[in-house]
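Below is one structure, written out as structure tokens, with a few remarks after it.
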Amino acid sequence: MKLAMVGFGQAGGKIVDKFIEYDRRTGGEAVRSAVAVNTAKADLAGLDYVPEENQVLIGQSRVKGHGVGADNELGAEITEEDIDEVQGAVDNVPIHDIDAFLIVAGMGGGTGSGGAPVLAKYLKRIYTEPVYGLGVLPGRDEGGIYTLNAARSFQTFVREVDNLLVFDNDAWREAGESVGSGYDRINEEIVRRFGILFGAGEVSGDDEVGESVVDSSEIINTLDTGGVSTIGYAEESVENPSGGLLSRFKSNGTEEVDSTHATNRITSLVRKAALGRLTLPCEIDSAERSLLVASGPPEYLNRKGVEKGRKWLENQTGSMEVRGGDYPVGGAEQVAGVVLLSGVSQVPRVEELQEVAVETQDNIDEIRSQSDESTTDLIEDEDGELDPLF
């Protein structure tokens with residue numbers, strides 16, 4: 001699947017940067033164009049792979065390149081005002097060569113959570129290609145204001161995109177991890193999952209072609225539910241001892257893999273991916289549609305394993321709309337299973353996010369009211385002996 005990616009805000013820009021690095025490392029071609037948009041000059045300076053001519057600094061007249069300070073209302077306003085500058089970079093996107101737009105943003109900050117929904121609304125008005133969002137939820141320990149930002153942005157972003165793919169930082173944070181290393185590892189997790197999904201079906205040169213190819217139309221049809229989507233992932237090493245029970249060598253010296261073992265491995269990975277740690281934990285039987293991709297060295301993939309995995313996924317989700325295929329990657333050291341669950345509706349984390357956000361909003365309003373009263377009491381001249389300056 002060929003994508004035009006727009007990283008909005010600090011988190012969004014870093015993730016898009018990581019997508020480009022992943023493409024180069026794996027020989028993928030999913031990212032056909034990349035743009036980074038920010039209100040903070042320093043955040044753009046930290047990008048290594050997004051071309052400098054596609055780095056857009058907005059809001060200079062209002063925030064002077066220093067960011068919006070986690071104020072996502074201001075982030076939305078600035079994006080509306082400077083949308084022509086963003087469009088100038090998007091104009092360089094080879095529209096004839098892409099299947100969809102993907103807007104990536106952290107939903108707890110100010111620039112991304114405020115600006116990404118504005119850009120989505122704008123792109124959908126101009127282009128016929130689908131516009132998807134990849135939103136990253138903040139952790140519970142990041143504070144009430146970030147939770148409030150995320151809840152408000154989530155509600156708006158879902159409405160403006162054709163589908164919102166969600167990654168919940170809280171489900172992936174590890175104890176004792178520094179902020180920097182934590183985000184680097186999480187970004188790698190994001191890119192690995194989405195990279196395999198979007199890379200499936202792309203073939204160039206002498207690449208192997210899958211037995212049952214997943215192409216962009218199947219991904220688009222799966223995401224056509226709208227709403228919210230989540231991704232599961234599982235992998236397993238493919239190294240087997242030479243001459244072992246699970247594999248043997250052909251007369252020409254290449255390895256032949258036992259087909260029954262390959263089938264069982266794929267179905268096992270599909271189960272682990274769907275029932276393990278999803279990018280956004282949810283009840284999988286609430287998914288409207290789903291799609292699976294088995295990835296790895298071609299000799300370890302087979303149609304029977306994919307079909308058994310699809311059948312299992314149909315039973316688990318209660319939906320007949322389950323697509324699937326394989327994505328051969330020569331030289332890979334793992335076989336991986338990726339499961340996309342689209343249109344999920346039973347998501348405890350989102351319900352909790354909204355509850356905490358409402359409580360935070362009420363607390364902010366109450367504190368603000370008390371602060372106004374305290375200030376009035378402090379400066380009030382009860383005897384009326386002082387005249388104000390003006």
**Asked** Identify, please: which residue in the range 272-284 is part of a helix (DSSP H, G or I) and in contact (Cβ under 8 Å) with a residue 60 or more places away in the chain and is, among those, farthest from Arg193 (Cα to Cα)?
**Response** Ile284
**Item:** Residue within the range 304-318 that is assigned to a strand (DSSP E or B) and of a type outside the set (Phe, Trp, Tyr) present
**Value:** no
**Request:** Enumerate the helices (runs of 4 or more DSSP H) found wholly within the range 16-122, keeping only those where 1 or more residues are open to solvent by less than 20 Å² (accessible area, probe 1.4 Å) and among the acidic types (Asp, Glu).
**Result:** none
**Complete:** Result of the Cβ filter at 8 Å on the range 64-84, keeping first residues that are within 14 Å of Pro117 (Cα to Cα) and partners that are among the polar types (S, T, N, Q) and outside any helix (DSSP H, G or I), at least 6 apart or interchain, is Gly75/Thr39; Ile78/Thr39
**Asked** Among the residues of the range 279-324, which ones are farther than 30 Å from Leu353 by Cα and among the aliphatic types (A, V, I, L, M)?
**Response** Val293, Ala294, Leu301, Val306, Met320
**Message:** For Gly330, only one of the following conditions fails: (1) surrounded by fewer than 21 Cβ atoms within 10 Å (Cβ to Cβ); (2) under 23 Å from the mean Cα position of the chain (by Cα). What is its number?
**Reply:** (2)
**Request:** Enumerate the pairs (first residue in the range 345-357 and farther than 11 Å from Thr147 by Cβ; second residue anywhere and open to solvent by 80 Å² or more (accessible area, probe 1.4 Å) and in a loop (DSSP other than H, G, I, E, B)) with beta-carbon separation below 6 Å, excluding pairs fewer than 6 apart on the same chain, so at least 6 apart or on different chains.
**Result:** Gln346/Glu283
**Prompt:** Could you say whether any residue in the range 144-164 is open to solvent by 50 Å² or more (accessible area, probe 1.4 Å), of a type in the set (S, T, N, Q) and assigned to a helix (DSSP H, G or I)?
**Reply:** yes
**Request:** Select, from Ala294, Ala336, Ala357, Ala262, the only residue that is part of a helix (DSSP H, G or I), surrounded by 15 or more Cβ atoms within 10 Å (Cβ to Cβ) and at pLDDT 90 or above.
**Result:** Ala262
**Asked** Restricting attention to the range 297-327, which residues are in contact with a helix residue (DSSP H, G or I) (Cβ under 8 Å, 6 or more places away or on another chain), open to solvent by less than 20 Å² (accessible area, probe 1.4 Å) and not hydrophobic (A, V, I, L, M, F, W, C)?
**Response** Tyr300, Gly305, Gly309, Thr317, Gly324, Gly325, Asp326
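The values are calculated or read from the model by the stated rules, or taken from the named source; none is laboratory data. Model, not experiment: these values are computed from the prediction. Backbone-built Cβ (ideal geometry, glycine too); neighbour counts: all protein chains shown. Protein only, heavy atoms only, side chains kept; ligands, DNA and RNA dropped before computing areas. Shrake-Rupley method; radii C 1.70, N 1.55, O 1.52, S 1.80 Å.
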